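S.K.: There's a structure below that I have some questions on.
The values are calculated or read from the model by the stated rules, or taken from the named source; none is laboratory data. All values derive from a computational prediction rather than experimental measurement. Every residue, glycine as well, gets a Cβ built from its backbone with ideal geometry; the counts of neighbours run over all protein chains shown.
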Amino acid sequence: DAGVIQSPRHEVTEMGQEVTLRCKPISGHNSLFWYRQTMMRGLELLIYFNNNVPIDDSGMPEDRFSAKMPNASFSTLKIQPSEPRDSAVYFCASSQGTVPGPQHFGDGTRLSIL
Amino acid sequence: AQTVTQSQPEMSVQEAETVTLSCTYDTSENNYYLFWYKQPPSRQMILVIRQEAYKQQNATENRFSVNFQKAAKSFSLKISDSQLGDTAMYFCAFMKSQNTGNQFYFGTGTSLTVIP
(Lines give C-alpha, C1' and ligand atoms only; values in the text may rest on other atoms or scores of the structure.)
Protein backbone atom coordinates (compact mmCIF):
# COMPACT_ATOMS: atom_id res chain seq x y z
CA ASP A 1 0.00 0.00 0.00
CA ALA A 2 1.22 3.49 -0.78
CA GLY A 3 1.89 5.59 2.27
CA VAL A 4 1.47 9.32 2.69
CA ILE A 5 3.24 11.03 -0.18
CA GLN A 6 4.76 14.47 0.21
CA SER A 7 6.47 16.65 -2.33
CA PRO A 8 8.94 18.10 -2.73
CA ARG A 9 11.34 16.27 -0.43
CA HIS A 10 13.62 19.29 -0.25
CA GLU A 11 12.97 22.92 -1.10
CA VAL A 12 15.45 25.76 -1.03
CA THR A 13 14.25 29.20 -1.94
CA GLU A 14 14.90 32.85 -1.23
CA MET A 15 12.93 34.82 1.28
CA GLY A 16 9.88 36.52 -0.11
CA GLN A 17 9.10 33.71 -2.51
CA GLU A 18 5.93 31.67 -2.39
CA VAL A 19 6.35 28.08 -1.25
CA THR A 20 3.82 25.31 -1.81
CA LEU A 21 4.08 21.95 -0.11
CA ARG A 22 1.96 19.06 -1.30
CA CYS A 23 0.52 15.99 0.34
CA LYS A 24 -1.40 12.93 -0.80
CA PRO A 25 -2.90 11.03 2.15
CA ILE A 26 -3.41 7.30 2.30
CA SER A 27 -6.49 6.28 0.36
CA GLY A 28 -9.46 5.86 2.69
CA HIS A 29 -8.01 8.12 5.37
CA ASN A 30 -10.27 11.08 5.94
CA SER A 31 -8.21 13.05 8.44
CA LEU A 32 -5.11 14.95 7.38
CA PHE A 33 -2.62 16.80 9.52
CA TRP A 34 0.18 19.27 8.79
CA TYR A 35 3.06 19.53 11.27
CA ARG A 36 6.19 21.64 11.48
CA GLN A 37 9.31 20.34 13.19
CA THR A 38 12.24 22.44 14.34
CA MET A 39 14.99 21.91 16.88
CA MET A 40 13.75 24.81 18.97
CA ARG A 41 10.02 24.08 19.01
CA GLY A 42 9.84 20.37 18.34
CA LEU A 43 6.82 18.94 16.53
CA GLU A 44 4.00 21.47 16.17
CA LEU A 45 0.54 20.78 14.77
CA LEU A 46 -0.30 23.51 12.27
CA ILE A 47 -3.73 22.43 11.04
CA TYR A 48 -5.86 19.36 10.60
CA PHE A 49 -8.71 18.49 8.26
CA ASN A 50 -11.50 15.98 8.64
CA ASN A 51 -13.47 15.06 5.53
CA ASN A 52 -11.66 17.89 3.69
CA VAL A 53 -12.88 20.50 6.18
CA PRO A 54 -10.38 22.40 8.37
CA ILE A 55 -11.19 21.55 11.97
CA ASP A 56 -8.42 23.24 13.92
CA ASP A 57 -6.04 25.78 12.42
CA SER A 58 -5.00 27.36 15.71
CA GLY A 59 -1.43 26.21 15.14
CA MET A 60 -1.00 28.15 11.91
CA PRO A 61 1.61 30.73 12.85
CA GLU A 62 0.33 33.72 10.92
CA ASP A 63 -1.53 34.87 7.84
CA ARG A 64 1.39 34.04 5.62
CA PHE A 65 0.47 30.38 6.07
CA SER A 66 -2.56 28.84 4.40
CA ALA A 67 -3.68 25.26 3.83
CA LYS A 68 -6.27 23.75 1.56
CA MET A 69 -7.73 20.35 0.95
CA PRO A 70 -9.77 20.54 -2.27
CA ASN A 71 -10.48 16.81 -2.28
CA ALA A 72 -9.88 13.67 -0.25
CA SER A 73 -6.62 12.84 -1.99
CA PHE A 74 -4.74 16.11 -1.99
CA SER A 75 -3.73 18.94 0.32
CA THR A 76 -1.41 21.90 0.07
CA LEU A 77 0.35 24.07 2.60
CA LYS A 78 1.36 27.44 1.24
CA ILE A 79 3.67 30.09 2.66
CA GLN A 80 3.55 33.52 1.07
CA PRO A 81 5.81 35.41 1.49
CA SER A 82 8.36 33.03 2.98
CA GLU A 83 10.84 34.10 5.67
CA PRO A 84 14.07 32.49 6.95
CA ARG A 85 12.34 31.57 10.24
CA ASP A 86 9.99 29.32 8.27
CA SER A 87 12.90 26.95 7.65
CA ALA A 88 11.90 23.59 9.10
CA VAL A 89 10.79 20.09 8.22
CA TYR A 90 7.10 19.99 7.36
CA PHE A 91 5.26 16.72 7.81
CA CYS A 92 1.92 15.63 6.51
CA ALA A 93 0.12 12.76 8.24
CA SER A 94 -3.20 11.01 7.74
CA SER A 95 -5.44 8.79 9.79
CA GLN A 96 -8.78 7.09 9.40
CA GLY A 97 -10.77 9.91 10.97
CA THR A 98 -13.12 8.66 13.61
CA VAL A 99 -11.94 5.06 13.38
CA PRO A 100 -9.35 4.81 16.16
CA GLY A 101 -5.89 4.24 14.84
CA PRO A 102 -2.46 5.76 14.46
CA GLN A 103 -1.35 8.58 12.23
CA HIS A 104 0.77 7.64 9.26
CA PHE A 105 3.40 10.19 8.33
CA GLY A 106 4.93 11.18 5.04
CA ASP A 107 8.68 11.52 4.70
CA GLY A 108 8.50 15.27 5.25
CA THR A 109 9.65 18.28 3.26
CA ARG A 110 12.83 19.96 4.40
CA LEU A 111 12.33 23.65 3.68
CA SER A 112 15.20 26.11 3.69
CA ILE A 113 14.52 29.81 3.23
CA LEU A 114 17.64 31.81 2.47
CA ALA B 1 -6.71 19.82 26.95
CA GLN B 2 -4.57 16.75 26.81
CA THR B 3 -0.86 17.02 27.57
CA VAL B 4 1.89 14.50 26.99
CA THR B 5 5.14 14.76 28.94
CA GLN B 6 8.42 13.09 28.15
CA SER B 7 10.75 14.07 30.96
CA GLN B 8 13.95 12.63 29.49
CA PRO B 9 15.26 14.82 26.65
CA GLU B 10 18.25 12.52 26.07
CA MET B 11 19.18 8.99 27.00
CA SER B 12 21.88 6.52 26.09
CA VAL B 13 22.19 2.77 26.40
CA GLN B 14 24.87 0.24 25.72
CA GLU B 15 24.26 -2.07 22.82
CA ALA B 16 22.41 -5.25 23.85
CA GLU B 17 21.21 -3.65 27.09
CA THR B 18 17.67 -2.66 28.01
CA VAL B 19 16.40 0.90 28.24
CA THR B 20 13.10 2.40 29.34
CA LEU B 21 11.73 5.68 28.05
CA SER B 22 9.11 7.39 30.15
CA CYS B 23 5.91 9.12 29.14
CA THR B 24 3.08 10.53 31.22
CA TYR B 25 -0.10 12.15 30.04
CA ASP B 26 -2.98 14.10 31.46
CA THR B 27 -6.55 13.50 30.36
CA SER B 28 -10.08 13.22 31.63
CA GLU B 29 -10.99 10.79 28.84
CA ASN B 30 -11.62 7.14 29.58
CA ASN B 31 -11.25 5.78 26.06
CA TYR B 32 -8.12 6.71 24.18
CA TYR B 33 -5.09 5.30 22.45
CA LEU B 34 -1.38 5.70 23.04
CA PHE B 35 1.46 5.32 20.59
CA TRP B 36 5.23 5.42 20.44
CA TYR B 37 6.84 6.72 17.27
CA LYS B 38 10.50 6.47 16.30
CA GLN B 39 12.24 9.11 14.22
CA PRO B 40 15.71 7.99 13.08
CA PRO B 41 18.18 10.40 11.47
CA SER B 42 16.48 9.73 8.15
CA ARG B 43 13.62 11.79 9.71
CA GLN B 44 10.86 9.31 8.90
CA MET B 45 8.23 8.99 11.63
CA ILE B 46 7.75 5.30 12.21
CA LEU B 47 5.03 3.78 14.38
CA VAL B 48 6.66 1.49 16.93
CA ILE B 49 3.82 0.30 19.13
CA ARG B 50 0.24 1.12 20.11
CA GLN B 51 -1.88 0.58 23.20
CA GLU B 52 -5.63 0.82 23.57
CA ALA B 53 -6.61 2.24 26.96
CA TYR B 54 -9.38 -0.32 27.43
CA LYS B 55 -6.88 -3.17 27.23
CA GLN B 56 -5.17 -4.14 30.44
CA GLN B 57 -2.54 -6.25 28.75
CA ASN B 58 0.61 -4.37 27.83
CA ALA B 59 1.40 -4.26 24.12
CA THR B 60 4.50 -5.98 22.80
CA GLU B 61 6.19 -5.82 19.40
CA ASN B 62 9.32 -7.96 19.25
CA ARG B 63 11.97 -6.16 21.33
CA PHE B 64 9.62 -3.27 22.14
CA SER B 65 7.10 -3.41 24.96
CA VAL B 66 5.17 -0.92 27.02
CA ASN B 67 4.29 -0.58 30.67
CA PHE B 68 0.85 0.97 30.63
CA GLN B 69 -0.40 2.20 34.00
CA LYS B 70 -3.81 3.73 33.36
CA ALA B 71 -4.44 4.98 36.89
CA ALA B 72 -1.05 6.64 37.00
CA LYS B 73 -1.44 7.89 33.40
CA SER B 74 1.93 6.47 32.53
CA PHE B 75 3.02 4.81 29.28
CA SER B 76 6.69 3.86 29.22
CA LEU B 77 8.51 2.14 26.38
CA LYS B 78 11.01 -0.63 27.05
CA ILE B 79 13.54 -1.55 24.41
CA SER B 80 15.27 -4.87 25.04
CA ASP B 81 18.53 -6.02 23.47
CA SER B 82 19.19 -2.50 22.13
CA GLN B 83 20.64 -2.31 18.65
CA LEU B 84 22.54 0.47 16.91
CA GLY B 85 19.56 0.96 14.62
CA ASP B 86 17.45 1.93 17.62
CA THR B 87 19.31 5.24 17.79
CA ALA B 88 16.56 7.78 17.13
CA MET B 89 14.21 10.32 18.61
CA TYR B 90 11.22 8.67 20.26
CA PHE B 91 7.87 10.40 20.56
CA CYS B 92 5.01 9.41 22.78
CA ALA B 93 1.55 10.28 21.44
CA PHE B 94 -1.99 10.33 22.86
CA MET B 95 -5.08 10.01 20.69
CA LYS B 96 -8.75 10.50 21.41
CA SER B 97 -11.64 10.05 19.03
CA GLN B 98 -14.35 12.62 18.58
CA ASN B 99 -16.95 13.31 15.94
CA THR B 100 -14.63 15.75 14.17
CA GLY B 101 -11.92 13.14 13.80
CA ASN B 102 -9.12 11.68 15.85
CA GLN B 103 -7.06 14.22 17.77
CA PHE B 104 -3.41 13.57 18.48
CA TYR B 105 -1.08 15.06 21.07
CA PHE B 106 2.66 14.49 21.00
CA GLY B 107 5.35 14.73 23.64
CA THR B 108 8.56 16.66 23.06
CA GLY B 109 10.56 13.53 22.37
CA THR B 110 13.48 11.60 23.88
CA SER B 111 16.70 11.33 21.93
CA LEU B 112 18.10 7.83 22.40
CA THR B 113 21.66 6.92 21.51
CA VAL B 114 22.76 3.30 21.45
CA ILE B 115 26.46 3.03 22.19
CA PRO B 116 28.44 0.23 20.54
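S.K.: Find all pairs meeting these conditions: Cβ atoms under 8 angstrom apart; at least six residues apart or on different chains; first residue within segment B:98-109 and at the interface with chain A (Cβ under 7 Å from one of its Cβ atoms); second residue of a type in the set (D, E, K, R).
M.R.: Hits for this filter: B:102/B:96.
S.K.: Which of the strands (runs of 3 or more DSSP E) found entirely inside segment B:1-102 contain at least 1 residues meeting this: under 12 Å from the mean Cα position of the chain (by Cα)?
M.R.: B:3-5, B:19-21, B:24-26, B:33-39, B:46-52, B:64-69, B:74-79, B:88-96
S.K.: Determine if segment A:89-104 includes at least one residue that is among the polar types (S, T, N, Q) and loosely packed, with under 15 Cβ neighbours inside 10 Å.
M.R.: No; the residues of segment A:89-104 include none that is among the polar types (S, T, N, Q) and loosely packed, with under 15 Cβ neighbours inside 10 Å.
Here's the yes/no breakdown for (1) in contact with a Phe, Trp or Tyr (Cβ under 6 Å, 6 or more places away or on another chain); (2) small (Gly, Ala, Ser); (3) surrounded by 15 or more Cβ atoms within 10 Å (Cβ to Cβ); (4) under 30 Å from residue A:110 (Cβ atoms):
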{"residue": "B:12", "(1), (2), (3), (4)": "no, yes, no, yes"}
{"residue": "B:16", "(1), (2), (3), (4)": "no, yes, no, no"}
{"residue": "B:25", "(1), (2), (3), (4)": "yes, no, yes, yes"}
{"residue": "B:30", "(1), (2), (3), (4)": "no, no, no, no"}
{"residue": "B:37", "(1), (2), (3), (4)": "yes, no, yes, yes"}
{"residue": "B:49", "(1), (2), (3), (4)": "yes, no, yes, yes"}
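S.K.: Let me ask something else. Under 27 Å from residue A:90 (Cα atoms) and of a type in the set (Gly, Ala, Ser): is that true of residue B:12 in this structure?
M.R.: no
S.K.: Let me ask another. Return the residue satisfying two criteria in turn: it lies in segment A:16-37 and is out of contact with any Lys or Arg (no Cβ under 9 Å at 6 or more places or on another chain) and among the hydrophobic types (A, V, I, L, M, F, W, C), and of such residues it is surrounded by the most Cβ atoms within 10 Å (Cβ to Cβ).
M.R.: Among those residues, the one meeting the criterion is A:32.
S.K.: Does residue A:90 qualify as being of a type in the set (Ser, Thr, Tyr), free of Cβ contacts under 8 Å to residues at least 24 places away in the same chain and assigned to a strand (DSSP E or B)?
M.R.: Numbers: of a type in the set (Ser, Thr, Tyr): yes; free of Cβ contacts under 8 Å to residues at least 24 places away in the same chain: no; assigned to a strand (DSSP E or B): yes.
Criteria not met by residue A:90.
S.K.: Here is a follow-up. Spot the failing condition for residue A:39; the list is (1) modelled with pLDDT under 95; (2) more than 10 Å from every other protein chain (Cβ to nearest Cβ); (3) touching a Ser or Thr at 6+ places or on another chain (Cβ under 7 Å), and only one is missed.
M.R.: That leaves (3) as the condition not met.
Matching residues to (1) charged (D, E, K, R); (2) in contact with an Asp or Glu (Cβ under 9 Å, 6 or more places away or on another chain):
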site: A:7; (1), (2): no, no
site: A:18; (1), (2): yes, no
site: A:21; (1), (2): no, yes
site: A:30; (1), (2): no, no
site: A:33; (1), (2): no, no
site: A:41; (1), (2): yes, no
site: A:54; (1), (2): no, no
site: A:86; (1), (2): yes, no
site: A:99; (1), (2): no, no
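S.K.: From B:102, B:30, which residue is within 27 Å of residue A:92 (Cα to Cα) and at pLDDT below 95?
M.R.: Going through B:102, B:30 in turn, just one is within 27 Å of residue A:92 (Cα to Cα) and at pLDDT below 95: B:102.
S.K.: Counting only residues that are over 15 Å from residue B:100 (Cα atoms) and more than 10 Å from chain B (Cβ to nearest Cβ), how many does segment A:59-108 have?
M.R.: Selection size over segment A:59-108: 32.
S.K.: Next question, about the same structure. Give me a count of the residues in segment A:12-25 that are closer than 20 Å to residue B:42 by Cβ and more than 14 Å from the chain's Cα centre (by Cα).
M.R.: 1
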